[in-house]
Amino acid sequence: MQTRFALSRNAVAAVLAVSLSSLCLAQPAQAPNRSRVTITKVKPEMLNEWQDLQKNEVLPALKKAGVKAQTVYATTLFGDGFEYTTITPFGKYAEFDDQAPVVKALGAAPAARLGEKIRKCIVSNTSYVITQQTDLSNIPEGAPLTRIATTRVRVAQGKMDDFLNLIKTDVTPAYKKAKLTLVVNRRGLGTNGNDVTFSAPWTSTPSWTVSRRWSRLSARMGWPSSGQNLPAWGPSSRRSSGRAWRT
């Protein structure tokens, strides 16, 4: 599984993430457009135990169950510490009618015991769906990104079509021209459906064309600019960073 994106949960926020835990499973020929995102807050004193459970018990069970892809990010430097974001692509909602992959791989009783050990390590978790906006994204072929910045924007009610059209005509072409990655996702079930996220490579010297386009859009939308490849600060904004652990 390849690193695709990291996520933020504020009204307008910039997130810096480095691929911390790509639990690498077999890469599908074409990744689904939808993914389930789970954000987990881990108890600081249980961090090592939680990581060991993920790498030594959860990952092998997912592989055995035939899960094709999953990416895990950890927040570091900026944002909430001990927070992990797990992203799992899926093809259709009917998949959730089946047994959970860990139950399918281990059986009900062993899966329950594993779940109990995991619950002792965490404070909370929450899940929601994201859908990639293929026509607004630009994903060149090549090695997966290991360091990315993500901005989440909450669009005003009734303005989604206008907003997405603005991205399509004014922002996406700049990423294509600069040959930079941009992944655009809309959030769905489990969270606010008016949220849109933009993920791109994090660089200390952003493309002039991309920065100029974001500055123009930020001015039109009333956002300050970060000087990076994505707008940064806004109401209830937050910056965070992450490092991916790869197995």
Just checking, how many residues over the range 38-53 are in a strand (DSSP E or B) and hydrophobic (A, V, I, L, M, F, W, C)?
2
Per-region count, the range 92-104, residues farther than 11 Å from E57 by Cα and touching a helix residue (DSSP H, G or I) at 6+ places or on another chain (Cβ under 6 Å)
3
Among the residues in the range 67-90, are any more than 18 Å from the chain's Cα centre (by Cα), at pLDDT 85 or above and not hydrophobic (A, V, I, L, M, F, W, C)?
no
Answer with yes or no whether Q51 is in contact with a strand residue (DSSP E or B) (Cβ under 9 Å, 6 or more places away or on another chain) and over 30 Å from D170 (Cβ atoms).
yes
Taking the range 91-125 and the residues there that are under 16 Å from V72 (Cβ atoms) and surrounded by fewer than 18 Cβ atoms within 10 Å (Cβ to Cβ), the one that is modelled with the lowest pLDDT would be N125
I need the full set of residues from the range 161-197 which are among the charged types (D, E, K, R) and closer than 17 Å to T151 by Cα, in order please.
K168, D170, R186, R187, D195
Among residues of the range 176-196, those that are under 19 Å from S127 (Cβ atoms), in a loop (DSSP other than H, G, I, E, B) and in contact (Cβ under 8 Å) with a residue 40 or more places away in the chain, counted
5
Among (1) small (G, A, S); (2) within 21 Å of the chain's Cα centre (by Cα); (3) modelled with pLDDT under 90, G158 falls short only on (2)
Between a residue in the range 148-163 that is surrounded by 10 or more Cβ atoms within 10 Å (Cβ to Cβ) and any residue that is assigned to a loop (DSSP other than H, G, I, E, B) and among the hydroxyl-bearing types (S, T, Y), which pairs come within a Cβ distance under 6 Å, given they are 6 or more apart or on different chains?
T150/S8; R152/S8
Extreme residue, farthest from K179 (Cα to Cα), among residues of the range 137-151 that are in a strand (DSSP E or B) and at pLDDT below 90:
T151
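The values are calculated or read from the model by the stated rules, or taken from the named source; none is laboratory data. It should be emphasised that the depicted structure is a prediction, and the values quoted were computed from it without experimental measurement. When we count neighbours, we look across all protein chains shown, and the Cβ atoms used for this are built from the backbone with ideal geometry, even at glycine.
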